[in-house]
Structures are given as structure tokens and as C-alpha cells.
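Asks: So that we are looking at the same thing, I have put the structure below in C-alpha cells.
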Amino acid sequence: MSTPVPALPPPAPHWLPGLANLDPADLVIVIGDQRPLVPPLESRLESRRALYLAPARRGQARLAGRHLHIDVAPGDEAWALALAAAFAFPDRPAAADPASLALLKMARRVGATPTSVLIEGATGTGKEGLARLVHAASPRRHKPLVAVNCAALAEQMVEATLFGHERGAFTGAVQSAPGLVRSADGGSLFLDEVAELPLAAQAKLLRVLQEREVLAVGATRPVPVDVRIIAAGNRDLAADVAAGRFRADLYWRLAVFPLRTLPLNQRPADILPIAAHWLLNRAAGDGLVPWLTPSAQQALLAHDWPGNVRELGNALDRALVLCDGPDITACDLVIDSLPTRLPPPASLALPAVTAGSLALPGAVRVAEQDAIARALAGNASRRDAARSLGISERTLRYKLASHRRPDGMAAMVQ
């Protein structure tokens with residue numbers, strides 16, 4: 001009788017020792033030439049999520065439905081493990097840095113309690129992801145998590161949007177609406193950029209926290225509500241209290257248990273796991289997963305990421321536009337400023353042009369390449385980059401292709 005796939009976690013092969021730290025309960029892991037030979041087990045494997053890992057001369061990954069195949073070449077171990085973890089735990093925040101792991105552990109611990117949570121940190125550091133983890137770890141996880149960006153609410157409609165309104169309460173209120181607080185009844189309400197709430201709305205939110213009831217605009221009787229508030233902001237809320245921009249009593253109600261997210265440059269071990277989650281979601285139609293080469297990994301780890309996770313995501317999306325095939329090299333990464341932790345690869349710099357160094361056609365061509373590179377670096381999508389350049393997206397695609405032609409033209413990013 002043949003031997004079935006062993007129970008998890010599998011023994012770590014010598015060519016991928018970090019695999020021993022991966023322990024997903026709902027994932028089958030097949031290593032090297034190991035195969036599930038028993039027909040019933042093989043049929044079950046087809047319906048389960050499975051991770052196939054094998055040594056190879058060239059690293060690559062292919063996603064086929066619920067199966068991820070990763071070929072691991074020498075030097076690709078860190079990226080292969082990051083992809084494996086992203087596939088094994090798709091709903092968990094991407095983290096490997098000790099500081100991040102400690103923060104996530106604390107978030108799960110406070111999530112299991114009814115305590116109000118205030119999450120503070122710079123823009124793009126994962127505050128909403130942390131809020132979702134708090135909710136997922138709570139007894140309320142089977143009820144809705146309603147997320148709202150307070151800075152995006154129309155000033156004249158803040159109270160009606162949050163607390164609801166009765167029919168005829170104001171011009172245009174043709175029917176009543178429950179509001180976002182009551183929509184989260186039994187679950188959690190995530191208030192991002194809570195410092196942007198007007199003082200009047202802050203007073204009504206305080207009553208929700210104190211009395212567990214909400215009074216809709218135009219209503220005469222409050223309605224009981226059971227909701228957990230998770231607030232977040234990228235400003236120092238205590239400083240806003242001192243300046244009179246935020247109610248002190250509301251602050252102390254929200255900040256029962258404060259959590260603070262860290263900038264990406266203070267947790268460099270998270271960079272590859274975040275990139276793996278990002279790129280795994282962008283597998284091509286043929287199933288090939290974008291693959292970070294060692295030079296690209298070095299470039300990402302060397303950069304300081306002042307824009308945090310959002311800047312990292314933009315850099316990866318730009319690289320997908322510029323790369324040929326699934327491999328992303330350092331040449332495909334257009335990063336706004338120079339790295340600070342490691343010497344930058346020479347290939348990241350744009351070619352310098354001085355007076356008389358090129359004939360007019362060559363100088364115009366290099367200037368065009370420079371303008372396109374800067375537009376791609378400064379915009380979230382190729383469409384936006386084309387709009388900022390004053391050309392169509394089709395023209396931009398043509399120019400990108402022409403810059404890559406092996407006819408003596410300089411590459412767009414050297």
C-alpha cells in the first residue's frame with residue numbers, strides 16, 4: 001500500500017529550511033517528487049488547497065486554481081517562502097518582522113475583549129488591516145465590520161450618514177435610513193481618520209459609546225445599538241485634544257487600548273511578505289505569478305519607503321508594466337528616491353544627459369524616456385500616467401514597447 005501525504009507540518013528540505021515555520025492547518029504541502037499515490041487521497045487533493053515545492057535551476061511560480069507550484073532556485077529561498085506564506089494565509093496581514101508579529105499578537109488579544117481600540121500610525125501602515133484583525137479575533141466576527149473614512153464624509157451629511165435619519169428630516173430625505181452605526185449592530189464600526197469628525201458628531205458618537213443608543217437625525221427617540229468602535233488616525237489625537245480640535249471625553253472613551261502601527265522602514269522584514277501578497281493577487285491569465293529576482297529583492301529592501309505600503313504597492317504595479325515576462329528585476333523598479341540602507345544597483349539610475357553628449361534625436365529620445373519614467377513613478381496606473389503626459393494610453397503602450405526594442409535604443413530604465 002502506498003504512503004499518503006504526511007501530516008503537517010512537513011519536514012523542511014535542506015534547500016528550503018524556513019519551511020518548518022509554516023504550519024497551515026487547511027493546506028496540503030507536497031515537496032519535491034512526493035506524490036499522493038492513493039486514488040481516494042489524490043481525488044481529495046484536487047479539491048483542497050495545495051502547495052507544491054520543488055528545487056530547480058530557475059525560480060518561478062504558477063497558480064492553478066487552488067494549487068500553487070513554486071520552483072525554488074538557489075538564492076530564491078526568501079522569496080519562495082514569502083509566496084508560500086502568502087498562499088497559506090491569504091487572510092492574515094503580511095508580516096515577518098518581530099515588531100509586527102508582536103503587534104499582531106496584541107491585536108488578537110485585545111480583539112477577544114469588548115474593549116474600544118484606537119489605532120494610530122502614519123498613512124499606508126496598515127491601520128485598516130489591523131482593525132480587521134481585531135474584528136476577526138472577536139466574538140463579533142460573524143457580524144459585519146463596517147468601515148468608514150470620516151475624512152471622505154460630506155460635512156453637512158456626517159450625522160445623517162453615521163447615525164441615520166428619518167423621512168423628511170431634511171430636504172431630499174425622501175425615506176428614512178438607519179445610518180452606518182446601526183448597520184454595524186452586533187459587529188464593529190471602523191472609523192478611519194476619526195479626528196476629521198466635526199465636534200457635533202463627536203458628541204453624538206460619545207453617546208453611542210456611553211449609552212449604547214443612537215438618535216437619528218429628525219428622530220425623537222433613541223434606538224438601542226450594540227456596536228464595537230475601532231477608531232484610527234494618522235494624526236496625534238492627544239495633540240488634537242490639547243488644541244481643542246477633539247473632545248477629551250471621547251478620546252478617553254476611544255483610547256481604552258491604543259495600538260500603533262510602524263512605518264515600513266522600521267520593519268524591513270515585512271517588505272517581501274507584503275510584496276508576495278501583492279503579487280500573488282496579480283497572477284497572469286496563464287497562471288504565472290510575478291517573480292522577484294534577487295536584484296529586485298535587494299532594491300526593495302534597500303529603499304526607505306516614506307510612502308509605506310502604498311508606495312511599495314505602486315512600485316510593484318509599475319514594475320508589472322515595465323517587466324518582460326513574469327520576472328521582475330531591479331531595472332523594472334522605478335523608485336522615487338535613492339535607497340538608504342544598501343548601495344543602490346547602478347541599473348536603477350536614469351542616464352544623465354549633458355549638452356553635446358547626444359545628437360538632437362538621441363537627446364529628445366532620452367528626455368522622453370525620462371518624462372515617461374517620472375509619470376509612471378508619480379501615478380498609480382498607466383492610464384493616469386498617460387493622462388498626465390497628455391497622450392493616450394495606447395500611445396504610452398507603443399512608446400514603452402519601442403523603448404524596449406533591441407535596435408540600439410536606450411532602455412527606458414537603465
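Asks: Any idea how far apart Glu77 and Arg245 come out in nm if each label point goes 7 Å out from Cα toward Cβ?
Replies: My value for the distance between the label points is 4.9 nm.
Asks: Need the full-extension length gain, Ser176 to Arg48, defined as separation in residues times 0.36 nm minus the C-alpha distance. One decimal, nm. Provide the component values of the computation, followed by the final result.
Replies: Numbers: separation 128, 0.36 × 128 = 46.08 nm, distance 4.59 nm.
Full extension from Ser176 to Arg48 adds 41.5 nm.
Asks: In the range 241-305, which trypsin sites (Lys or Arg not before Pro) fall in coil by DSSP and have 16 or fewer other Cβ atoms within 10 Å?
Replies: Numbers: sites: Arg245, Arg247, Arg253, Arg260, Arg282; in loops: Arg245, Arg247, Arg282.
Those that pass, being in a loop and sparsely packed, are Arg245, Arg282.
Asks: Okay, moving on. At 0.36 nm per residue, minus the direct Cα-Cα distance, what do Ile391 and Leu320 gain on full extension? Give it in nm, one decimal, please. Show your work: numbers first, answer last.
Replies: Values: separation 71, 0.36 × 71 = 25.56 nm, distance 2.04 nm.
Between Ile391 and Leu320, full extension yields an extra 23.5 nm.
Asks: Quick check: net charge around Ala152, other residues with Cβ under 12 Å of its Cβ, Lys/Arg +1 and Asp/Glu -1?
Replies: On the way: positive: none; negative: Glu155, Asp192, Glu193, Glu196.
Neighbour charge sum, excluding Ala152 itself: -4.
Asks: Compute the FRET efficiency between Asn265 and Leu209 as 1/(1 + (r/R0)^6), taking r as their Cβ-Cβ distance and R0 = 22 Å, and round to the nearest 0.05.
Replies: On the way: r = 35 Å, r/R0 = 1.59.
Once the sixth-power term is evaluated, E becomes 0.05.
Asks: Along its principal axes, what span do the Cα atoms of the range 93-212 show, with the longest given first and each in whole Å?
Replies: 54, 28, 23
Asks: Still on this structure, please answer the following. Report, ordered by chain and residue number, the lysines lying within cross-link reach of Lys143, taken as a straight Cα distance under 25 Å and ignoring same-chain residues fewer than 8 apart.
Replies: Lys105, Lys127, Lys204
Asks: To the nearest 10 square angstrom, how much accessible area does His277 have with a 1.4 angstrom probe?
Replies: 40
Asks: Rank-order 224-230, 285-291 by packing density, defined as the average count of other C-beta atoms within 10 Å over each peptide's residues, highest first. Can you show the working numbers first?
Replies: Values: 224-230: 20.1, 285-291: 16.4.
Sorting 224-230, 285-291 by mean packing, highest first, produces 224-230, 285-291.
Asks: Order of 232-240, 25-33, 180-188 by packing, highest average Cβ count within 10 Å first? Provide the component values of the computation, followed by the final result.
Replies: Working: 232-240: 17.6, 25-33: 14.7, 180-188: 19.8.
Packing order, densest peptide first, comes out as 180-188, 232-240, 25-33.
Asks: Counting only C-alpha contacts under 8 Å and six or more residues apart, can you give the relative contact order of the range 172-323 as a whole percent? Present the calculation step by step, with values, prior to reporting the outcome.
Replies: Numbers: 135 pairs, mean separation 29.6, N = 152.
Relative CO of the range 172-323 lands at 19 percent.
Asks: Also, quick follow-up: Under the rule of at least 5 residues apart or a separate chain, name every residue whose amide H is placed under 5 Å from the amide H of Ala147.
Replies: It is Phe190, by chain and number.
Asks: Across the range 195-244, how large is the tail of the calculated P(r) beyond 17 Å, expressed as a percent of all Cα pairs? List each step's numbers first, then the result.
Replies: Working: 533 of 1225 pairs.
Within the range 195-244, distances greater than 17 Å cover 44 percent of Cα pairs.
Asks: Assuming 0.36 nm per residue, please report the length gained on full extension of the stretch Ala64 to Arg383 beyond their Cα-Cα distance. Please report the intermediate quantities before stating the final value.
Replies: Values: separation 319, 0.36 × 319 = 114.84 nm, distance 2.92 nm.
Gain on stretching Ala64 to Arg383: 111.9 nm.
The values are calculated or read from the model by the stated rules, or taken from the named source; none is laboratory data. The shown structure was predicted, so the numbers you read here are calculated from the model rather than taken from an experiment. Methodologically, a virtual Cβ is constructed for each residue, glycine included, from the backbone with ideal geometry; neighbour enumeration extends over all protein chains shown. Ligands, DNA and RNA are excluded from the accessible area calculation, which covers all protein heavy atoms including side chains. Shrake-Rupley method; radii C 1.70, N 1.55, O 1.52, S 1.80 Å.
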